[in-house]
Every structure is written in structure tokens, then in C-alpha cells.
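The values are calculated or read from the model by the stated rules, or taken from the named source; none is laboratory data. This structure is a prediction, so every number in the text was calculated from the model and none was measured. As a convention, Cβ positions derive from the backbone with ideal geometry for all residues, glycine included, and neighbour counts pool all protein chains shown. Please note that ligands, DNA and RNA were not included when accessible areas were found on the heavy atoms of the full protein model with its side chains. Shrake-Rupley method; radii C 1.70, N 1.55, O 1.52, S 1.80 Å.
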Amino acid sequence: MAESGDDQHDWTSDSDPDPILVEDGPNRRPFMRGIMVHSLMARGVAFGEAYQTADQVRERLRGRLVVPKAELAKAVLEICGPSIERVQPTQPAADEITITGRGRGLPFSKGILSQSLLAAAIEPNDAFDVARDIERDLVRRGAREVDRLELRALAFEALGRRMGDEAARRYLVWRKYQDPDRPVIILLGGAAGVGKTSLALEVAHRLGIGRMLSTDSIRQIMRLMLSPAIAPAIHGSSYDAHRLLPSDRMSVDSVIGGFREQAATVAVGIRASLERAVNENASLVMDGVSIVPGLVDLEAFSETADVIFLVVGTLDEEAFSNRFAARAAETQYRPPHRYLENLDSILKIQDHFLELAERFGVPIVDNISFDRSVLLIIRHVTDTLSQRHGFDPEDLL
């Protein structure tokens with residue numbers, strides 16, 4: 001490729017006021033050198049040669065208004081020589097493969113496919129390798145189109161070969177819920193600082209769920225609506241809400257009493273958010289310290305949504321302290337000293353979460369390793385859906 005500014009070409013502009021039209025049967029389209037370069041490279045022509053050929057063809061045609069397609073092909077053959085015929089590929093490029101079925105008509109994308117494979121609870125690198133295997137297979141077969149269900153079957157088989165039958169099964173289970181009859185709602189509760197929001201963001205990303213909500217946002221909205229005189233507990237943090245309550249409302253354990261009063265108030269907004277997700281049939285990932293086992297009646301949604309609840313914890317106290325210290329280095333908006341000074345109260349709230357999780361049968365994720373926790377949550381989601389609704393690969397392929 002030429003390096004000097006004088007030799008570089010702008011494929012989007014021509015000096016001629018009128019474009020050259022290429023006649024292909026009843027159709028006419030503008031001649032564009034950029035498209036010719038791309039076409040020649042798809043045939044296997046090196047970029048430099050394709051670039052020069054497009055320039056020479058353009059010079060030959062200068063001044064013409066309409067050129068038959070056959071004449072354009074002849075000009076290319078004369079400039080490149082007979083070798084151009086030998087390098088013409090018999091296989092399509094990956095971006096020339098179209099996904100069909102149910103009105104899709106979209107170009108095949110290895111990146112999009114690898115994203116969908118993350119629902120198998122596998123690492124991103126493994127998902128990309130599987131998607132690349134599928135792409136190579138389609139190109140090798142000379143596929144111009146692939147049906148959506150056929151692509152799903154190819155992914156299922158490739159996952160089984162590379163990652164095992166369980167990973168392949170999880171992928172198929174989640175694919176069923178891309179066009180669900182009812183939404184999937186994933187709830188991650190836990191004490192402050194256990195890493196709920198980071199996990200929620202990554203789980204939503206890997207499962208392709210577009211809606212995310214934190215109970216911190218719900219609480220902030222409720223603060224604007226309810227004054228400290230009406231709902232004092234929501235105007236503090238989960239671990240110091242007890243300091244805002246009148247002494248006559250203190251329980252035996254003031255920290256837990258203040259926390260539960262705050263969570264009970266925010267639970268009203270949580271329920272409203274769940275109802276909206278159900279009404280709009282929109283899957284959702286929600287996280288927050290106010291999602292407490294037993295405070296929100298999840299059974300009320302058993303017929304209209306698949307609600308999957310997990311409690312996130314950090315059972316290693318040193319790891320807990322280190323996480324707060326890490327926040328100090330990352331942001332100035334959540335000063336770590338507030339968390340560290342209240343670590344005993346936060347740990348007390350975590351113990352309360354763990355007791356309630358045990359009582360109500362809510363699974364617990366010990367968030368020591370972020371990547372491992374993400375995989376465990378996704379695995380639990382797909383396994384739960386499979387157990388609730390049964391699973392037959394033949395129904396999904």
C-alpha cells in the first residue's frame with residue numbers, strides 16, 4: 001500500500017461529476033473502487049494488487065456512463081491476467097453466510113455466536129474457540145445460508161465435543177428462553193460489599209439480558225418520595241439505618257432491626273419492579289442488599305415468571321476487608337472508611353443473610369473468585385430452569 005499522502009485514494013469520491021453505472025441485467029449500480037478491492041481480496045488477490053487493479057479499471061472506464069458487467073469482468077481479467085481465475089474461491093467468506101429462519105436474515109457473526117455460548121457457563125476464550133470451530137465448518141462446507149435451528153444444533157454438537165455434554169445442555173436450555181413465554185428474573189441479594197453488582201453486570205452480559213436494576217436505585221427514588229419523618233430507615237445505609245430510628249422502635253439487635261426496616265420498605269419497590277418485568281415479559285437481573293429471603297413474596301410470581309434467587313456472600317473476613325480497600329483505589333465516591341469502620345455491622349448483616357438463606361432454602365454463592373462465581377450463577381440458572389420445566393434436546397433443536 002502506498003504510504004505518501006499523494007498516492008492514497010479516497011474510495012468515496014471521484015473527480016467525475018457523474019458516476020459510472022454497472023449494468024447487470026435490468027439492474028444498474030454505481031461502480032465503486034472500494035467494493036472492487038473487497039471483491040478481489042475475497043478471491044484471494046493481495047491487497048496491493050487489488051488496489052492497483054481497481055485504480056486501473058477506473059481509469060479505463062473514465063468518461064463512460066454505463067458499462068455492462070461482462071465488460072467490467074473482462075477489464076479485470078486483462079489487467080490481472082489468467083491467474084485471477086485460478087484464485088477465485090469456491091467457499092464463501094464467513095461474513096457472506098446468512099442466518100435464516102423466523103425472518104432472521106442476518107449475517108453470521110462469530111462474535112455474536114460466542115457471546116450466546118457463554119450461557120453454557122464456560123469461559124469467554126472457550127466460547128470463542130467453539131464459535132471459531134463452527135465458522136470454519138460452515139466455510140469449509142461452502143454454506144451460503146444456515147438456518148437458525150441448524151446453527152443451534154451445530155453449537156450444541158461443538159460444545160459437546162469441546163466442553164462436554166453438560167455445557168452443551170446448559171446452552172440449549174438457555175436458548176429456549178431467548179423468546180420466553182414468561183421472563184427469567186435473577187435476584188442476587190447479600191450484604192454491602194460482597195460484589196453483587198459486579199456479578200450481576202457480568203451475568204446479565206453473558207446471558208444477553210438487557211435489563212438490570214439495583215435496589216440502591218429503588219431506595220434512592222423512595223428517598224425522594226418519602227421524607228425522613230415518614231421512612232427514616234431508607235435515608236441511611238443498610239448498616240447504619242438503626243441510628244435513624246427512634247429509640248422506641250429499636251429491636252434486641254439494633255443493627256439487624258434497622259436493616260430489616262429499611263429492606264422491608266424498599267421491598268415495596270422491589271415487588272413493583274418485578275411486576276413490571278412480568279407485565280412486559282422482560283427478563284431482568286436485580287441485585288441489592290434489600291433483596292432479603294422472606295421479605296419479598298416470590299411465590300406470588302411462580303405462575304408468571306421464573307424467579308431465581310441467590311444470596312451472595314464473602315465468608316472470608318480478610319477478603320471482605322480487602323474488597324473495601326480495593327474500592328478505595330477505584331473510586332472517590334464510596335469512601336472505604338465508612339465500610340471498614342462499620343465492618344462488624346456489615347458482617348452481622350451477612351450472618352443474618354446466611355441464616356435466612358438456610359431457613360428459606362436459598363442457594364449461597366461464596367464470592368471468593370469472581371470468574372468462578374459468575375460461572376456458578378449461570379450454571380444454577382440453567383439447571384434450575386431445566387429442573388422446573390424438564391429438558392429434551394429434541395424439543396430445542
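Just need a number here: residues in region 179-195 that are touching a residue at least 60 places away in the same chain (Cβ under 8 Å), under 19 Å from the mean Cα position of the chain (by Cα), open to solvent by 10 Å² or more (accessible area, probe 1.4 Å) and at negative phi.
Within region 179-195, residues that are touching a residue at least 60 places away in the same chain (Cβ under 8 Å), under 19 Å from the mean Cα position of the chain (by Cα), open to solvent by 10 Å² or more (accessible area, probe 1.4 Å) and at negative phi number 1.
Looking at ILE79, ILE84 in this structure, which one is aliphatic (A, V, I, L, M), modelled with pLDDT under 80 and either open to solvent by less than 40 Å² (accessible area, probe 1.4 Å) or part of a helix (DSSP H, G or I) (or both)? Can you show your working first?
Numbers: ILE79 fails: modelled with pLDDT under 80.
Matching residue, one of ILE79, ILE84: ILE84.
Any residue in region 373-389 that is closer than 13 Å to ALA120 by Cβ sitting within a Cβ distance under 7 Å of a residue that is surrounded by fewer than 17 Cβ atoms within 10 Å (Cβ to Cβ)? List the pairs, counting only those 6 or more apart or interchain.
Here the result reads none, with nothing in region 373-389 linked to a residue that is surrounded by fewer than 17 Cβ atoms within 10 Å (Cβ to Cβ).
Assuming GLY210 fulfils every condition listed in (1) surrounded by fewer than 21 Cβ atoms within 10 Å (Cβ to Cβ); (2) in contact with a strand residue (DSSP E or B) (Cβ under 7 Å, 6 or more places away or on another chain) apart from one, which condition is it?
(2)
Any idea which residue in region 268-306 is farthest from the chain's Cα centre (by Cα), counting only those that are open to solvent by less than 20 Å² (accessible area, probe 1.4 Å) and under 16 Å from GLY210 (Cα atoms)?
Just the residues of region 268-306 that are open to solvent by less than 20 Å² (accessible area, probe 1.4 Å), to begin with: 269-270, 274, 277, 282, 284-293, 301, 305-306.
Retained after the next criterion (residues that are under 16 Å from GLY210 (Cα atoms)): 274, 277, 282, 284-287.
Numbers: LEU274: 21, ALA277: 18, ALA282: 15, LEU284: 12, VAL285: 12, MET286: 15, ASP287: 17 Å.
Only one residue fits best here, namely LEU274.
Going through VAL57, VAL67 one at a time, which residue ends up being in contact with a helix residue (DSSP H, G or I) (Cβ under 7 Å, 6 or more places away or on another chain), closer than 12 Å to ILE20 by Cβ, not in a helix (DSSP H, G or I) and not charged (D, E, K, R)? Walk me through it before giving the result.
Details: VAL57 fails: not in a helix (DSSP H, G or I).
None of the other options fit; the residue is VAL67.
Does ILE134 satisfy being modelled with pLDDT of 85 or more and assigned to a loop (DSSP other than H, G, I, E, B)?
Details: modelled with pLDDT of 85 or more: yes; assigned to a loop (DSSP other than H, G, I, E, B): no.
For ILE134, the condition - modelled with pLDDT of 85 or more and assigned to a loop (DSSP other than H, G, I, E, B) - is not met.
Return the total of residues in region 357-385 being out of contact with any strand residue (DSSP E or B) (no Cβ under 7 Å at 6 or more places or on another chain) and within 19 Å of ILE185 (Cβ to Cβ). Spell out how you get there, then give the answer.
Pass one, region 357-385, residues out of contact with any strand residue (DSSP E or B) (no Cβ under 7 Å at 6 or more places or on another chain): 358-361, 368-372, 374-375, 378-379, 382-383.
Right, trim to within 19 Å of ILE185 (Cβ to Cβ) and you get 360-361, 374, 378-379, 382-383.
Final tally of qualifying residues: 7.
Restricting region 338-353 to residues that are open to solvent by less than 40 Å² (accessible area, probe 1.4 Å) and among the aliphatic types (A, V, I, L, M), which is modelled with the lowest pLDDT? Steps first, please.
Let us first name the residues in region 338-353 that are open to solvent by less than 40 Å² (accessible area, probe 1.4 Å), namely 339, 342-343, 345-347, 349-350, 352-353.
Checking which are among the aliphatic types (A, V, I, L, M) leaves us with 343, 346-347, 349.
Details: LEU343: 88, ILE346: 93, LEU347: 93, ILE349: 96.
If we take residues in region 338-353 being open to solvent by less than 40 Å² (accessible area, probe 1.4 Å) and among the aliphatic types (A, V, I, L, M), then LEU343 is modelled with the lowest pLDDT.
If only one of ARG152, ARG175, ARG169 is under 30 Å from VAL362 (Cβ atoms), touching a Lys or Arg at 6+ places or on another chain (Cβ under 7 Å), in a helix (DSSP H, G or I) and open to solvent by 20 Å² or more (accessible area, probe 1.4 Å), which one is it? If you could, list the steps in order and put the result at the bottom.
Working: ARG152 fails: under 30 Å from VAL362 (Cβ atoms); ARG169 fails: touching a Lys or Arg at 6+ places or on another chain (Cβ under 7 Å).
The conditions single out ARG175.
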